[in-house]
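Participant: Okay, here's the structure, questions in a sec.
The values are calculated or read from the model by the stated rules, or taken from the named source; none is laboratory data. A quick note: this is a predicted structure, and the numbers were derived from the prediction, not measured. All Cβ positions, glycine included, derive from the backbone under ideal geometry; neighbour counts span all protein chains shown. For accessibility, only protein heavy atoms count, side chains too; no ligands or nucleic acids. Shrake-Rupley method; radii C 1.70, N 1.55, O 1.52, S 1.80 Å.
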Amino acid sequence: MAMGGRTVTVAGRAAGADPAAAEEVGRDRRPTLAVWKFASCDGCQLTLLNCEAELLALADRVRVAYFPEATRAAVAGPYDLSLVEGSITTAEDAERIQQVRAQSRILVTLGACATAGGIQALRNLADVAELAAAAYPRPDRLAFLARSTPIASHVTVDHELHGCPIDRGQLLEVVAAVLQGRAPRIPSGSVCTECKRRGTVCVAVADGLPCLGPVTRAGCGAICPAHHRGCYGCFGPQDTPNGRSLASLLGAAGMAPTDVVRAFRTFNAGAEPFRTATGPALPTSVPDAAGGRP
Amino acid sequence: MAGPAILAPSGLQALLDVLRARGYRVLGPQVRDGAIVLAELADAAALPVGVGDAQAPGRYRLRDGEPDRVFGFATTAQSPKAVLFPPDELLWRGRRTADGFSIEPVAPADEPDHRPVAVLGVRGCDVAAIGIHDRVLLGRAHVDAHYAARREEAFLVAVTCSAPGGTCFCASVGTGPRPRAGSDLVLTELTEPHRFLVEATTAAGEAVLAELPTAPATADDLAAADALVEAATAQMGRSLRTDDLHELLPASAESPRWAAIAERCLACTNCTAVCPTCFCTGVEDASDLTGDLDERHRVWDSCFSLPYSYIHGGAVRTWTASRYRQWLTHKLASWQDQFGTSGCVGCGRCITWCPAGIDLTAEVATIRELAEAHDAVAAASDGDVLGGHR
Ligand code: SF4
Ligand code: SF4
Ligand code: SF4
Ligand code: SF4
């Protein structure tokens, strides 16, 4: 599928590095940071670029060794810190993530795609061949896996940042924590905790707006309710989500059953608690590694 | 102390002016985002005149109240807890130095533009809750220095409730609707004609009252206040029987009700965040990218969160049922052993602001019924056992 289109292999990039640049960085003792992209929209990587002021401090502390969105320079691994965006949707990517892991001391996944399979994991719940036939004139030319899977389904992940996109504060926190050799502060409780800390009036209770905040992981600072919108769950499930209870509350408040299902199946449809909040997900028999079409 | 006085409605502005002239940052009830909340108040015109609230489990709506009535609503969405015991408190800063690190203590008075706080419109339940916080945070071996600093300089203007909400039950736990001791001034809003009965309960209250344009209260005014309290008491949306809770809840540790509650409970922590007496916090260290500056923050935590019960190796209360049980049993029973008082002042916020509408008064009643039914069965089978084997 188009989403998995960019495939730059680790080995190829490393071999193609400019020798002068490699020579220069050879004397550099700063830890190296690499950013990797799999099936995703680039939004999470752009969050890193949006940390302008902080990036200056960062440039002092880490050497950005591989970051396709920010620089063309590339150096050979291994890397001290790899930030990985995107989910695994092709056989090539399933292979490439193994190489990235092998070259990385600490691996951090960025965003809903990398941690839960992303919006593209909706295909895990459908007949992927049918979808391809509906969307592409020549589905026979596509090469992709039947399921979009998070990075942690393939390799060991050290830290996960949630969100679609991630929160810049959390990104800087995890980078700082890795540089300082400490555990990052990444909350695992509900978005409600952040609503209450910032003094937002609950839009669910005071306005009857549908809000996934009670089952969604904190980290964004409860942005949506602060702008008078219900949370739509882009950070994925909190540590002890009760999706079934919230689904029945949404239904009791008048939301149509199909809309309740849709509310839980967006960017984090691949996360088990969201997928099953509205009952068993269908179909469940799509094999993991088989392609949709040859 | 001077006796009770009568303040004309226009006198509310005088009260705000006097407090501000004395250097207070005055907070009062105002309509924001579809609810009545506590926010900075300079102009009495911003008070929620003629606005009421309708509260039910998991539901809050503004409604038209009695015209002209300034305090014709039940409770503000958040209590003064958020002011005196803020959700995120900077405790100290640490800086890396050439040969180690230095610690820089931080006090509330160091905040930019710091002023002591005066809160207008504190309800009886919330006055009682502040009293409980005083006990918990000031009355033990280790005084909470930040709370102490804020509390000591704070000025509280309590207001008698005239329109208790659908989730209120202060009358059955003895904290309202007339505010008990703990504030500096107590206002009671009277009608026909519209006026406020003002009573000073501390020297600071007395001093403020002396600066207000008042007339002495008459016996009729006092009788009108009593009648208002009586009417409000009859309007309480809920009630809680408390005499047996100290024994009932610990004895119900294995009640099947906890699992039933956990089916609905979202483990979202809203109940504890809005509860004016919940005081659990976590400590977080936040360092900047360079690692040269560290800040230690104390942030609200909750017995409904998973990491709250983390002891090396894992969390103890992984199941939501055990968290709700912990909360209710502590709040209503073991709190009595710990602090000599129940932890519930009957404000009803945990009921209103629970997205699942879980109602502790109903849950306690159900737990009691189940315990009684269980005891009855046990007594009957005990009889059988004894009859058959002796
Ligand atoms: S607005 Fe949503 S996230 Fe915020 S407290 Fe209410 S239910 Fe929770
Ligand atoms: S409130 Fe919910 S949908 Fe909005 S940014 Fe936060 S997690 Fe995402
Ligand atoms: S337990 Fe509920 S009713 Fe009691 S004081 Fe706390 S929030 Fe109010
Ligand atoms: S009782 Fe209600 S407010 Fe409290 S954690 Fe459970 S669902 Fe949230």
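Participant: Which listed residue (B:Trp258, B:Phe279, B:Ala223) has the Cα farthest towards the positive end of the charge dipole for segment B:143-284, taking +1 on Lys and Arg C-beta and -1 on Asp and Glu C-beta about the Cα centre?
Facilitator: B:Trp258
Participant: While we're here: Using a 10 Å Cβ count of at most 14 others and DSSP loop calls, identify the longest part of chain B lacking such GluC sites (Glu not before Pro).
Facilitator: Segment B:1-210 is the longest.
Participant: While we're on this one: If the chain between B:Asp220 and B:Ala46 were fully stretched, how many nm would it gain, using 0.36 nm times the residue separation less the Cα-Cα distance?
Facilitator: Fully extending the segment from B:Asp220 to B:Ala46 adds 59.6 nm.
Participant: Here is a further query. Put +1 on the Cβ of each Lys and Arg and -1 on the Cβ of each Asp and Glu in chain B; which of B:Ala315, B:Val18, B:Ser302 then has its Cα farthest toward the positive end of the dipole?
Facilitator: Selected residue: B:Ala315.
Participant: For A:Leu145, which sequence-distant residues (separation of 5 or more, or a different chain) have an amide H within less than 5 Å of its own amide H, given hydrogens modelled in the peptide plane?
Facilitator: For A:Leu145, whose amide H was placed from the backbone, the distant partners under 5 Å are A:Thr90, A:Ala91.
Participant: Using unit Cβ charges (K, R positive; D, E negative) and no other charged atoms, how large, in debye to the nearest 20, is the dipole of chain B about its Cα centre?
Facilitator: Roughly 500 debye, rounded to the nearest 20.
Participant: Still on this structure, I have one more. Along segment B:287-300, what does the Karplus equation 6.51 cos²θ - 1.76 cosθ + 1.60 (θ = phi - 60°) give for ³J(HN,Hα), rounded to whole Hz, x for Gly and Pro?
Facilitator: Per-residue couplings from phi come out as 10, 7, 4, 6, x, 8, 10, 10, 10, 9, 10, 10, 10, 4 Hz.
Participant: Let me know the mean shielding of A:248-258 by other chains, meaning the per-residue number of their Cβ atoms within 10 Å of its Cβ.
Facilitator: 1
Participant: Return the whole-Å distance between the Cα centroid of segment B:45-116 and the Cα centroid of segment B:331-379.
Facilitator: Using only Cα atoms, the two centres lie 27 Å from each other.
Participant: Let me have the 222 nm mean residue ellipticity of the protein assembly as shown computed from DSSP H runs of 4+ only, each contributing -39500 (n - 2.57), with the sum over all residues rounded to the nearest 500.
Facilitator: The per-residue figure over the protein assembly as shown is -9500 deg cm²/dmol.
Participant: Please turn the phi angles of segment A:237-253 into ³J(HN,Hα) values with the Karplus equation 6.51 cos²θ - 1.76 cosθ + 1.60 (θ = phi - 60°), one per residue in order, whole Hz, x for glycine and proline.
Facilitator: Per residue, the Karplus-derived 3J(HN,Hα) values read x, 6, 5, 10, x, 10, x, 5, 5, 5, 4, 6, 5, 4, x, 5, 7 Hz.
Participant: Moving on. Which ³J(HN,Hα) values in Hz, rounded to whole numbers, follow from the phi angles of segment A:230-235 under the Karplus curve 6.51 cos²θ - 1.76 cosθ + 1.60, where θ = phi - 60° and Gly and Pro get x?
Facilitator: Using θ = phi - 60°, the values come out as x, 5, 9, x, 5, 8 Hz.
Participant: Starting from the amide H of B:Ala77, placed 1.01 Å from N in the peptide plane, find each other amide H under 5 Å away whose residue is 5 or more places distant or on another chain.
Facilitator: B:Ile36, B:Val37, B:Leu38
Participant: Write down the accessible area per residue of the protein assembly as shown in Å², having rolled a 1.4 Å probe over the full set of protein chains.
Facilitator: Spelled out: the 1.4 Å probe surface of the protein assembly as shown, per residue, equals 43 Å².
Participant: Between B:Val377 and B:Val299, what FRET efficiency comes out of the Förster formula 1/(1 + (r/R0)^6) with R0 = 45 Å and r the beta carbon distance, rounded to 0.05?
Facilitator: 0.50
Participant: Also, quick follow-up: For the pairing of chain B with chain A, what total accessible surface becomes buried, with a 1.4 angstrom probe, in square angstrom to the nearest 100?
Facilitator: Buried area (both sides, nearest 100 Å²): 2700 Å².
Participant: Moving on to the next point. Based on the mean of other beta carbon atoms within 10 Å per residue, what is the order of A:122-128, B:55-61, most packed first?
Facilitator: B:55-61, A:122-128
Participant: For segment B:5-234, give the magnitude of the charge dipole about the Cα centre (Cβ charges: +1 Lys/Arg, -1 Asp/Glu; no others), in debye to the nearest 20.
Facilitator: Dipole magnitude for segment B:5-234 comes out near 640 debye.
Participant: Same structure again: Test of understanding: in a Gaussian network model of chain B with alpha carbons linked when under 10 Å, which of B:Val18, B:Val127, B:Val377 would top the mean-square fluctuation ranking?
Facilitator: Looking only at B:Val18, B:Val127, B:Val377, the largest GNM fluctuation is found for B:Val377.
Participant: Provide the solvent-accessible area of A:Met255, counting protein heavy atoms only and rolling a 1.4 Å probe, rounded to the nearest 10 Å².
Facilitator: Accessible surface of A:Met255 is approximately 50 Å².
Participant: To continue, here is another question. Using a 1.4 Å probe on the protein heavy atoms, what percent of the accessible area of chain B belongs to carbon and sulfur?
Facilitator: Answer for chain B is 54 percent, counting heavy atoms of protein chains only.
Participant: Placing +1 at every Lys and Arg Cβ and -1 at every Asp and Glu Cβ, with all other atoms neutral, what dipole size does the protein assembly as shown have around its Cα centre, in debye to the nearest 20?
Facilitator: With Lys and Arg at +1 and Asp and Glu at -1, about 1660 debye.
Participant: Separate question: Can you list the DSSP H helices in chain B whose Cα atoms extend at least 20 Å along the helix axis and whose mean Kyte-Doolittle hydropathy is -1.0 or higher?
Facilitator: Within chain B the helices that satisfy the rule are B:219-234, B:360-389.
Participant: Would you mind checking which residues have amide H under 5 Å from B:Val26's amide H? H placed 1.01 Å from N; only 5 or more apart, or other chain.
Facilitator: B:Leu41, B:Ala118
Participant: Same structure, new question: What does the average come to when, for each residue of peptide B:287-295, you count the partner chain Cβ atoms lying within 10 Å of its Cβ?
Facilitator: What the average comes to for B:287-295 is 5.
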